[in-house]
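See below for the structure under consideration.
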Amino acid sequence: MIKVAVTGACGRMGMLIIENILRSGDMKLVTAIDVTNTGKDIGEVMRQGKLDVPVGDAKDIDNILKMSKPDVLIDFTIAGAAVKNVTASARNKVNLVVGTTGFTQEQRKLMEDAIKSSGVAAVIAPNFSIGVNVFWGLLAEAAKRLSDFDIEIIEAHHNQKKDAPSGTALKAAEVISKTLGGKEMVYGRHGISPRQKEIGIHAVRGGDIVGDHTVLFAGDGERIEIKHQAHSRQAFAKGAVTAAEWVCSARPGVYEMADVLGIK
Ligand code: NAP
């Protein structure tokens, strides 16, 4: 039985991940951590009936991990919080699945250094859906063949999303840029802004859109659009739980979802 801790347990992703853990036959939720609903039973917060797992206060994460001894911690919070949760998890020799997005380069380095020096294994991915991981591969293929086309990335998410552009859009830009030997990024356009050879990135926010990503390759007299649409957060939650199972038998190191899916 794999023992799992979830940080951001009361959030949209956290609660769905817990539902997946409860359905799985070989995983057990040993602790749920958040900054809201602390002390309440997580099952009752989720309106699923008592689970006898109280929501632990993120401020006490070190003690909570020492007491509950999880094999893996799954974090879907916000960047600043995730850095604290990830370094605490690494300190306590707990493997990691990190779905939080919006990290600065410094935050990303802090997490990776903590993971590498502690000898745990971690999967860090801005998107855990199978579709998006295949989508990134398709973008590399298209960029290779359409290197002189204009490239624009348009993403749309719900009105509660805090970071912009999305981690998935940034990763799409990184994949294309790497394929083309380095590209400048331009985030939105306003006023006089003639197009150069950049990758344009645009973020739309509204309603309850789960997550749309379109990459436009536009040439003379034609264009190709490669698009991924998430219909439900279940696509991410299922992937994160699969990654949690995988990371418990992985060698120490930092991995991507493509490693879990075997499509690297
Ligand atoms: P959300 O509904 O706002 O949930 C985040 C939860 O984390 C909230 O309950 C929040 O509490 C809590 N939190 C804040 N600080 C914390 C801390 N120090 N320790 C523990 N919990 C803390 O957001 P969401 O929609 O679930 O998304 C969470 C993150 O996952 C975002 O970065 C999002 O971009 C990312 N995401 C990634 C994927 C993927 O596949 N990788 C998919 C979807 C979303 P408060 O509300 O009180 O602050």
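The values are calculated or read from the model by the stated rules, or taken from the named source; none is laboratory data. All of these numbers come straight from a predicted model, not from anything done at the bench. A quick note on method: Cβ atoms are made from the backbone with ideal geometry, for glycine too, and the neighbour counts reach across all protein chains shown.
Looking at VAL186, VAL215, which one is in contact with a Leu (Cβ under 6 Å, 6 or more places away or on another chain) and more than 16 Å from the ligand (Cβ to nearest atom)?
On the way: VAL186 fails: in contact with a Leu (Cβ under 6 Å, 6 or more places away or on another chain).
Step by step, each of VAL186, VAL215 is checked, and only VAL215 is in contact with a Leu (Cβ under 6 Å, 6 or more places away or on another chain) and more than 16 Å from the ligand (Cβ to nearest atom).
Going by the conditions given, is THR7 within 14 Å of the chain's Cα centre (by Cα), near the ligand (Cβ under 8 Å from one of its atoms), modelled with pLDDT of 95 or more and among the hydroxyl-bearing types (Ser, Thr, Tyr)? Yes. Of all the residues in segment 118-155, those that are over 15 Å from GLY239 (Cβ atoms) and part of a loop (DSSP other than H, G, I, E, B) number 6.
How about segment 42-71: which of its residues are among the charged types (D, E, K, R) and touching a strand residue (DSSP E or B) at 6+ places or on another chain (Cβ under 6 Å)?
Restricting attention to segment 42-71, the residues satisfying the condition of being among the charged types (D, E, K, R) are 44, 47, 50, 52, 57, 59-60, 62, 66, 69, 71.
Listed by number, the residues that qualify are LYS50, ASP71.
For segment 156-164, the criterion of being at pLDDT 95 or above and not in a loop (DSSP other than H, G, I, E, B) is met by at least one residue. Condition test on GLY43, is it within 11 Å of the ligand (Cβ to nearest atom) and modelled with pLDDT of 95 or more? Answer is no for this residue.
In segment 76-93 there is no residue that is farther than 22 Å from THR242 by Cα, buried (at least 16 other Cβ atoms within 10 Å of the Cβ), in the same structural domain as MET15 (by TED's automatic domain parsing) and among the aromatic types (Phe, Trp, Tyr). Here is the figure for segment 140-160: residues that are surrounded by fewer than 18 Cβ atoms within 10 Å (Cβ to Cβ) and under 15 Å from the mean Cα position of the chain (by Cα) total 0.
The residue pairs whose first member lies in segment 216-238 and is aromatic (Phe, Trp, Tyr), whose second member is not in a loop (DSSP other than H, G, I, E, B), and whose beta carbons are closer than 7 Å, counting only pairs six or more residues apart or on different chains, are PHE217/ALA142; PHE217/ILE151; PHE217/ARG223; PHE217/ILE224; PHE236/MET13. Regarding SER193, is this residue among the small types (Gly, Ala, Ser) and farther than 24 Å from ALA258 by Cα? Taking the combined requirement at face value, the residue satisfies it. Within segment 1-39, being part of a helix (DSSP H, G or I) and out of contact with any helix residue (DSSP H, G or I) (no Cβ under 6 Å at 6 or more places or on another chain) holds for ARG12, MET13, GLY14, MET15, ILE18, GLU19, ILE21, LEU22, ARG23.
Here ALA125, ALA156, ALA142 are screened, and the one residue that is touching a residue at least 40 places away in the same chain (Cβ under 8 Å) and within 11 Å of the ligand (Cβ to nearest atom) is ALA125. When segment 10-40 is limited to residues that are in contact (Cβ under 8 Å) with a residue 40 or more places away in the chain and closer than 14 Å to PRO70 by Cα, the one that is farthest from the ligand (Cβ to nearest atom) turns out to be ASP26.
Looking at segment 192-264, the strands (runs of 3 or more DSSP E) lying wholly inside it that each contain 2 or more residues that are exposed (fewer than 12 other Cβ atoms within 10 Å of the Cβ) sit at 222-229.
Quick check on ILE130: is it more than 8 Å from the ligand (Cβ to nearest atom), farther than 20 Å from VAL4 by Cβ and among the aliphatic types (A, V, I, L, M)? Walk me through how you get there before you give the answer.
Details: more than 8 Å from the ligand (Cβ to nearest atom): yes; farther than 20 Å from VAL4 by Cβ: yes; among the aliphatic types (A, V, I, L, M): yes.
So ILE130 passes the test.
Just to be sure before I move on: is ASP52 more than 10 Å from the ligand (Cβ to nearest atom), at pLDDT 95 or above, within 27 Å of ASP26 (Cβ to Cβ) and of a type in the set (D, E, K, R) in the structure I sent? Yes, satisfied.
Taking segment 65-117 as the range and being away from the ligand (no atom under 14 Å from the Cβ) and in a strand (DSSP E or B) as the test, the residues that pass are VAL72, ASN95.
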